[in-house]
1. To the nearest 10 degrees, how steep is helix 38-47 against the longest Cα principal axis of the chain, on a 0 to 90 scale?
2. Please give the helix 194-203 orientation as an angle from the longest Cα principal axis of the chain, in degrees from 0 to 90, rounded to the nearest 10.
3. DSSP loop (so not H, G, I, E, B), at most 16 other Cβ within 10 Å: list which trypsin sites (Lys or Arg not before Pro) in segment 145-193 pass both filters.
4. To test your reading of the geometry: what angle, between 0 and 90 degrees and rounded to tens, separates the Cα axis of helix 110-122 from the longest principal axis of the chain?
5. Report the FRET efficiency, 1/(1 + (r/R0)^6), for His21 and Asn193, where r is their Cβ-Cβ distance and R0 is 25 Å, rounded to 0.05.
6. As an exercise, identify the GluC sites (Glu not before Pro) in segment 64-171 lying in DSSP coil whose Cβ has no more than 14 other Cβ atoms within 10 Å.
7. What FRET efficiency, computed as 1/(1 + (r/R0)^6) with R0 = 25 Å and r the Cβ-Cβ distance, is obtained for Tyr202 and Arg163, rounded to the nearest 0.05?
8. A 23 angstrom limit on the alpha carbon distance is what I want to check against. Which of Lys38/Lys79; Lys38/Lys98; Lys38/Lys73; Lys58/Lys146; Lys4/Lys126; Lys79/Lys119 exceed it?
Amino acid sequence: MTKKTIIIADDHPVFRLGLAHIINGSEGFVVVAEAENKVELFTMLETTPCDIVILDMKMPGNRDGMGALQMIKEGYPEKKVMIMSQLCSMDLVEEALKLGADGYVTKNDIADMILPFLKSIGNGEKALSPRIQSLIIRYKDGCVDKLTPRENDILRLSVKGLRRKEIASQLNISVSTVNFHRQNLKEKLQADNMAGMIRIAYEKGLV
């Protein structure tokens, strides 16, 4: 049986080593190259035939994985791309799928699921981890974890453009407490940053 060939693009050598070990121990797949960044990846794509690219969303260059995904789909449309990342906000997942990603899996999922996912992608199917599927369902259903009164206060003031110290002063709480609630808000709204949190709040009519 001819094995599907894979390039791994991730900036963590130990992670690449472990992932390659899992893949190379299978019957249907083999890792033919590894890249630490986008430049290395595209050098390899020019010289090394492969069927699937496993691509980290966050390589050197901030979110350079998204740029790499777009370039692969534009320059090598026949290649399948599986996004593999710790980052899994709805913004990122939605953008990756729009750009043509064939799969999206978190790094917490891959030990048990990487081979079935690769098989699905190799067969021309989409492969989304359970966590990603749940995220999409919640987003489509408009289900957001209920915000506490304090979180609503901080969200409202954040939307107005107040800084953390100003919010803390108005609510008579510490800056660290503001930071704590803001982090909870970002998780509940599945946002990567404050700008994303505010945008999602508007979209869902929370402010």
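Each reported figure results from applying straightforward, stated rules to the coordinates on display, with no laboratory input. Only a predicted model underlies this, so the values are computations on that prediction, with no experimental measurement involved. Quick reminder, even Gly has a Cβ in these numbers, built from the backbone with ideal geometry, and neighbours come from all protein chains shown.
1. Taking Cα atoms only, the helix is inclined about 20 degrees.
2. The angle comes out near 80 degrees.
3. Answer in residue order: Lys146, Lys160, Arg163.
4. 60 degrees
5. That pair, His21 with Asn193, gives E of 0.15.
6. Glu78, Glu125
7. Efficiency, rounded to the nearest 0.05: 0.80.
8. Cα-Cα > 23 Å for Lys58/Lys146; rest within.
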